[in-house]
Amino acid sequence: MKYRLNTKNGDELSALGFGCLRFPKDHKESEQLILQAIEMGVNYFDTAYIYRGSERTLGKILADNNKRGEVKIATKILPALIKGRDDLDKYFNKQLERLHSDYVDYYFIHVMTDTAIWERLVGLGIVEWIETKKREGKIKNIGFSYHGGRDEFIKICDVYPWEFCMIYYNYLDEFNEAGKHGLEYAASKGMPVMIMGPLKGGILSNKLPKASLDVFEQADVKRTPSDWALRWVLNHPQVTCVLSGMSSLEMLEGNAAIASEMESGSLDTSELTIIHEAREALMRTLKVPCTGCNYCMPCPRGVDIPACLTCYNETALSGRKIATREYIKQTALKADPTFASKCNKCRKCEKECPQGIKIGDELERAAKELEPFWFKPVMAVTRRFMRF
């Protein structure tokens, strides 16, 4: 297993991290998987309070096998759960109990989408709380996970001296969400960057169109689609750890083999060209040829145009249900919503689009697809719950 240095604290983290959202239902299978991962050199395990049963399963297996000291545990708290200062201790203590541990190595503020979320938590005393937990040794590192547009990511990076972050990143979404710009910005501040979604929920491993598969099959180097996708992410020197939600030994062994040989910067020009061509073939199956370049921004009406079009494209890749869920994360869970339906077709953005996209028309279609009749009433209730 290759390791990448966290320059902030000297931790050597496995290039492959274990995403713990979907453990096998059978406890023994989960135990075998976790122990095998540790044996292969995986030392970073990522879970969350809201991952059903995950913290408890991970904590018990590590404790039963005396492995807690061999790994770094990352877990998360959802800001919406925190209504007052007491909730910070309430949920954190519950997490420690589940994890059979008296400390957390990497603690995330989960699904940060807007600086307003952080400002509300600051008002509840979270900065003082973090400082106390760090003095007590109960939190080793504090960071955030992110879903949203590029500009908001930069702002969140700058509101607090974070010690790490996690973003969604893969070769199809190179310029979506925080994107390459956000990756490089976080790294420039010395922040380790953990990556989620390297295979885009399986799309880049087993749901590619024939045109993309043909590109990989015709390459001189023979690799599976998931192999190409993981190598592309690991090729970035700014990436510290790539998470994979592995639910079988076959998946673990395949991913560990890649992470055991892949060095950053080791893909040559011909290999990068192959991935680019496969991406272009995949892009041709989407509804809108948006590359996430951000030239259309800012929108006078406050629409996050790249995010809206990305989620609209997601309907073709993952289906409407998953796309709508991503749309909610990226446009609704922030102080000022950035819905597609806010567009008034001023067409200013279209003059800047290098792809010549009729953005106003596409945003209208996106709103019809992603904002059904229940959307705005439900979002209003959700936003009150989130304390916006």
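What number of residues within segment 111-133 are surrounded by fewer than 16 Cβ atoms within 10 Å (Cβ to Cβ) and over 22 Å from Thr338 (Cα atoms)?
Selection size over segment 111-133: 7.
Which count do you get for residues in segment 159-214 that are of a type in the set (A, V, I, L, M), assigned to a loop (DSSP other than H, G, I, E, B) and either in contact with a Phe, Trp or Tyr (Cβ under 9 Å, 6 or more places away or on another chain) or not assigned by TED's automatic domain parsing to the domain that holds His147 (or both)? Spell out how you get there, then give the answer.
Here is the first cut: in segment 159-214, the ones of a type in the set (A, V, I, L, M) are 159, 166-167, 172, 178, 183, 186-187, 191, 193-196, 199, 203-204, 208, 211, 213.
The next check asks that each one be assigned to a loop (DSSP other than H, G, I, E, B); those that pass are 159, 172, 178, 191, 199, 208.
Okay, now just the ones that are also either in contact with a Phe, Trp or Tyr (Cβ under 9 Å, 6 or more places away or on another chain) or not assigned by TED's automatic domain parsing to the domain that holds His147 (or both), so 159, 178, 191, 208.
Result for segment 159-214: 4.
Mind checking which residues of segment 161-187 are in contact with a helix residue (DSSP H, G or I) (Cβ under 7 Å, 6 or more places away or on another chain) and of a type in the set (Phe, Trp, Tyr)?
Tyr169, Tyr171, Tyr185
Within segment 222-232, does at least one residue satisfy the condition of being in contact with an Asp or Glu (Cβ under 9 Å, 6 or more places away or on another chain), in contact (Cβ under 8 Å) with a residue 12 or more places away in the chain and aliphatic (A, V, I, L, M)?
no
In segment 52-81, which residue that is surrounded by fewer than 20 Cβ atoms within 10 Å (Cβ to Cβ) and within 18 Å of Phe144 (Cα to Cα) is farthest from the chain's Cα centre (by Cα)?
The selected residue is Leu81.
Quick one: in segment 126-146, of everything that is part of a strand (DSSP E or B) and among the aromatic types (Phe, Trp, Tyr), which residue is modelled with the highest pLDDT? Walk me through it before giving the result.
Keep residues of segment 126-146 that are part of a strand (DSSP E or B), which gives 139-146.
This time we only want the ones that are among the aromatic types (Phe, Trp, Tyr), so: 144, 146.
Working: Phe144: 98, Tyr146: 95.
Residue satisfying both the conditions and the ranking: Phe144.
Given the condition among the β-branched types (Val, Ile, Thr) and surrounded by 15 or more Cβ atoms within 10 Å (Cβ to Cβ), answer yes or no: does some residue in segment 1-20 qualify? Can you show your working first?
Residues of segment 1-20 that are among the β-branched types (Val, Ile, Thr), as a first pass: 7.
Then keep just the ones that are surrounded by 15 or more Cβ atoms within 10 Å (Cβ to Cβ); that gives none.
No: zero hits.
Taking the condition of being in a loop (DSSP other than H, G, I, E, B) and β-branched (Val, Ile, Thr), how many residues in segment 298-311 meet it? Write out each step before concluding.
Here is the first cut: in segment 298-311, the ones in a loop (DSSP other than H, G, I, E, B) are 298-304.
Narrowing further to those that are β-branched (Val, Ile, Thr): 303.
Looking only at that region, the number is 1.
Just wondering, is there one or more residues in segment 32-42 that are among the β-branched types (Val, Ile, Thr), closer than 30 Å to Gly265 by Cα and in contact (Cβ under 8 Å) with a residue 40 or more places away in the chain?
Checked against the condition, which is being among the β-branched types (Val, Ile, Thr), closer than 30 Å to Gly265 by Cα and in contact (Cβ under 8 Å) with a residue 40 or more places away in the chain, segment 32-42 yields at least one hit.
From the list Asn6, Asn43, Asn66, which one is modelled with pLDDT of 95 or more and under 21 Å from Ala257 (Cβ atoms)?
Working: Asn6 fails: under 21 Å from Ala257 (Cβ atoms); Asn66 fails: under 21 Å from Ala257 (Cβ atoms).
The conditions single out Asn43.
How many residues does segment 96-110 contain that are farther than 22 Å from Ile167 by Cβ and either within 18 Å of the chain's Cα centre (by Cα) or buried (at least 21 other Cβ atoms within 10 Å of the Cβ) (or both)?
1
In segment 1-101, which helices (runs of 4 or more DSSP H) lie fully inside it and hold 3 or more residues that are among the polar types (S, T, N, Q)? Please lay out each step first, then the result.
Details: elements: 27-39, 54-64, 85-99.
Helices (runs of 4 or more DSSP H) meeting the threshold: 27-39.
Looking at segment 147-161, which of the residues that are of a type in the set (D, E, K, R) and at pLDDT 95 or above is farthest from Lys189 (Cα to Cα)?
Taking segment 147-161 first, the residues of a type in the set (D, E, K, R) are 150-152, 155, 158.
Next cut, at pLDDT 95 or above only: 155, 158.
Numbers: Lys155: 13, Asp158: 9 Å.
It comes out as Lys155.
Quick one: what pairs do we get from segment 309-336, first residue without any contact (Cβ under 8 Å) to a residue 60 or more places away in the chain and within 20 Å of Ser145 (Cβ to Cβ), second hydrophobic (A, V, I, L, M, F, W, C) and not in a helix (DSSP H, G or I), C-beta under 7 Å, 6+ apart or different chains?
So the pair list comes out as Thr331/Phe339.
The values are calculated or read from the model by the stated rules, or taken from the named source; none is laboratory data. Keep in mind the model is a prediction, meaning the values are calculated, not measured. When we count neighbours, we look across all protein chains shown, and the Cβ atoms used for this are built from the backbone with ideal geometry, even at glycine.
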